[in-house]
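Here the structure is laid out as C-alpha cells; the discussion comes afterwards.
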Amino acid sequence: MSAVPGSDRLPAGLGTASAARGKSRGKPGTSTNWLLYALLFLGIVLVVGPFLWMLLGAFKPQAEFLRNPPTFLPDAPTLDNYQRLVERLDFPRFFFNSTVVAAAVTVGNLIFTPMLGYALAKLRWRGKGIVLAVVLATLMVPAGVTLIPNFVLMSSLDLVNTYPGLILPFLAGPFGVFLMRQFMQGVPDELLEAARIDGAGEWRTFWSVVMPLATPVLATLGILTFLGSWNGFLYPLIMATEPQMYTLPVALATFATGQFQADHGMLMAGSVILVVPVLIVFILFQRWITEGIATTGLKG
Amino acid sequence: MATELVQRKPTPAAPAAAGRSRLREDLIGWSFAAPFVILFGIFLAGPILASFVLSFTSFGLRDLTNPIGTTFVGLQNYIELLGDEKFRKSLLNTAYFVVVGVPLTLILGLLIANALNRGVNKFKTFFRVGYYIPVITSIVAIAVIWRFLLNPDVGLINITLERFGIAGPNWLGDPVLAMPSIIAMAVWRGLGFTMIVFLAGLQSIPTSLYEAASIDGATRWQAFRHVTVPMLRPTILFLTVITTIGYLQLFEEPFVMTGGGPLDSTLSISMYMYQEGFAFFHQGYAAAIAYVLFLLVALVALIQFRLIRSEA
C-alpha cells in the first residue's frame, strides 16, 4: 500500500472523488485525465456514431449502400428516400397519428395523475390506502399482461384501428401518480391552509396554488410521457392493424420486416423521421429529463 | 383556551356533524381520484385480472365476437406450457439475455458515471447528453439501424473488420451469434440510463468518506470497492430491479432484427406470446404465457429486495 493514493495504478474512472479533487483538479491535464477524456470521447463516438450513420444514410441512393469501401458522406446526396416515404408509404399520415396519440396521452396524464397525486398526498378520504397500494403495485406490471384483455375489450367496443383505441389505455399511468404524489407530499401544508383561509375551495386550491407550483414536475412528466407514447410499439402494433392507423414505430417495423427490408435508404429515412423529433425535444429539455429521472428514480 | 377545550368535548350533536364532514371529505377526495381510478380500473387493473381468467380458457379468434361464451379449460394451458419445447426455449433465451445483459449494462454505466463524476469537468453535459441519446430513442428505429450495421455484406461492422483482414460473420443469421448481437445492442442502448442514475447516486456520497479513506492510505481501487460500492448499494438494487424487469420483456429487438430466429435462438417470452396471441390467435394460451412472465417479474423484484435487505 503506497502512502499516496495510487492515481496511476488503475484504469481511469475507477478512482475516487477525493483523488479527483486532490489531484486531477489541482493539476488539470495529467496523463490519467487525458486518457479519461479520450476513452469517454471514444465511447461517445460509438454511441452517437450509429445515429450519424443513419442521418447520412438517409440521403444516399440505394446503389451507394452496396459500394465497398462504403462512403461516409453521401456521394450523390438525394431526397429520393424521403420522397418515397411520402409518396409510396404515407409517412405524413403516420407522423400525424403518432403526434395525435402522444399529445392526447400526455394531456390526459398531466390532468389525471396530479389530481390523484394531490388526493393521495394531501386529502383525507376513505379508500385512499387501497387506491395507493393498488396503483403502486401495477407500476412494474409488464405491458404484455394487459395486452390481450385490452385487445378483446377494444374489439368488442369496435375501437380497434381508432384513435380512442390507441389512446384510452394510456391516459392513466401509474408512473405519473407515483411522481406527482411524491411532489405533492413536499408542498407545505401551511400554503394550502392559507389558500383555504382565503376562502378557496379544494378545487381552487388545487388548480391555482398547487398546479402552478408543480410546473417543473409536470414538465418532466409531460416530456417522459410524450416520449414513451411516441416510442411505444407493442400495443399500437396489435391495436393499429390497418395502415392508415399505423403510428411511426409500427410503420417502420412493418416495412422493415416486410417487402422493404432491403431498402436501406428508405428505412434510414424512416428512422430519421421517428428519431429526430425526439432528439430535438431531448436536446432542448435534457435537464428536465435526466435530472427528473435521476431524482425520482432514486428517492422512490 | 378553556372554551376551546370545552367545545371539543363530544356533545350529542357532534357525531352526526363529524359524520357529515367525513362524508364531505370522502366526496372531495374521490372527486379528485375518480377520473384516474375509473380509467385505471377499466384499462389496467381490470385487464390484469381478466388476463388471469383468460389464461384458464381456450379463448381464440371465434370468441372475439362473444367473449363471455368462451370455454374454461382449467389448468390445461399451463400444463401444455410445461411440455412446450418452444416455450422452454423462449424462457432460456430470455434468461440468457437478462443474465448477461443486466450486469454489463450496470457495470458499463457505473464506469462511465464514475469517470464523469471524478476527473471530468469539461464537456460534462455533452457526455451526459451523448450517452443518454439511445435511451430516449425508439427501440424500433435503433433495431433498424443496428440490423443494417450488422448486415453481413454491406454493414459497417463487417466492412470495418474486412479492413483488418477479418471475414465478419453473419451476426444475426447465426444461431450462436444472434443473441450476443442483440445483447450488445441492448447494453449499448441501456448504459445511458444506468449512468444517469449512478451519477446521481455518486453525487450523494459525502466527500468526507473519501478523505477518510485517503488518510487511511486506501488506493483508488480500495476506495472504490469499500466506499463507493457499499454507498451505492440502494442505487445498484434499484437499477438491477428496473433493468431486469425491462430486459425480461425483450420484444422489439428480436421482432425487427431476427423475427425470433434463426432456429428460435432469439425467441423471447414476449415474442412467443405475441406469436401465439396475434399470429395464431390462441389468446387463452398467450394469456398464460403473459402470466408466467408476470410471475417472473414479480419474483425477480421480490428476490432482489430480499437479497439486499438480508445483506444490509
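The values are calculated or read from the model by the stated rules, or taken from the named source; none is laboratory data. Keep in mind that what you see is a predicted model, and the values were worked out from it rather than measured. Because the Cβ atoms are built from the backbone with ideal geometry, glycine has one as well, and the counts that use them run over all protein chains shown.
Data overview
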{"quantity": "Residues of the range B:297-306 satisfying the condition of being touching a Leu at 6+ places or on another chain (Cβ under 9 Å) and either touching a residue at least 60 places away in the same chain (Cβ under 8 Å) or outside any helix (DSSP H, G or I) (or both)", "calculated": "B:304, B:305"}
{"quantity": "Test: residue B:112 is in a helix (DSSP H, G or I) and either crowded, with 23+ Cβ neighbours inside 10 Å or in contact with a Pro (Cβ under 6 Å, 6 or more places away or on another chain) (or both)", "calculated": "yes"}
{"quantity": "Residue within the range A:86-96 that is part of a helix (DSSP H, G or I), over 18 Å from the mean Cα position of the chain (by Cα), in contact (Cβ under 8 Å) with a residue 40 or more places away in the chain and facing chain B (nearest Cβ under 10 Å) present", "calculated": "no"}
{"quantity": "Entirely in the range A:119-234, the helices (runs of 4 or more DSSP H) that have 3 or more residues that are over 30 Å from residue A:278 (Cα atoms)", "calculated": "A:128-137, A:143-156, A:189-197, A:202-205"}
{"quantity": "Out of B:251, B:238, B:255, sole residue that is within 11 Å of chain A (Cβ to nearest Cβ), touching a residue at least 40 places away in the same chain (Cβ under 8 Å) and within 14 Å of the chain's Cα centre (by Cα)", "calculated": "B:238"}
{"quantity": "Output for the range B:59-79, where each listed residue is in a helix (DSSP H, G or I), exposed (fewer than 15 other Cβ atoms within 10 Å of the Cβ) and out of contact with any helix residue (DSSP H, G or I) (no Cβ under 7 Å at 6 or more places or on another chain)", "calculated": "B:61, B:62, B:65, B:68, B:79"}
{"quantity": "Hits in the range B:192-224 - residues which are small (Gly, Ala, Ser) and buried (at least 18 other Cβ atoms within 10 Å of the Cβ)", "calculated": "B:192, B:200, B:201, B:213, B:214, B:218, B:223"}
{"quantity": "Selected residue [part of a loop (DSSP other than H, G, I, E, B) and modelled with pLDDT under 90] from B:166, B:159", "calculated": "B:166"}
{"quantity": "Those residues of the range B:129-138 which are in a helix (DSSP H, G or I), within 7 Å of another protein chain (Cβ to nearest Cβ) and in contact with a helix residue (DSSP H, G or I) (Cβ under 6 Å, 6 or more places away or on another chain), in sequence order", "calculated": "B:129, B:130, B:131, B:132, B:134, B:136"}
{"quantity": "Test: residue B:242 is touching a Leu at 6+ places or on another chain (Cβ under 8 Å), surrounded by fewer than 21 Cβ atoms within 10 Å (Cβ to Cβ) and of a type in the set (Val, Ile, Thr)", "calculated": "no"}
{"quantity": "Meets criteria (within 26 Å of residue B:246 (Cα to Cα) and within 10 Å of chain B (Cβ to nearest Cβ)) for residue A:148", "calculated": "yes"}
{"quantity": "Scope the range A:58-72; condition assigned to a loop (DSSP other than H, G, I, E, B) and within 14 Å of chain B (Cβ to nearest Cβ); matching residues", "calculated": "A:58, A:60, A:61, A:66, A:67, A:68, A:69, A:70, A:71, A:72"}
{"quantity": "Residue among A:211, A:268 that is modelled with pLDDT of 85 or more and either more than 10 Å from chain B (Cβ to nearest Cβ) or surrounded by fewer than 22 Cβ atoms within 10 Å (Cβ to Cβ) (or both)", "calculated": "A:211"}
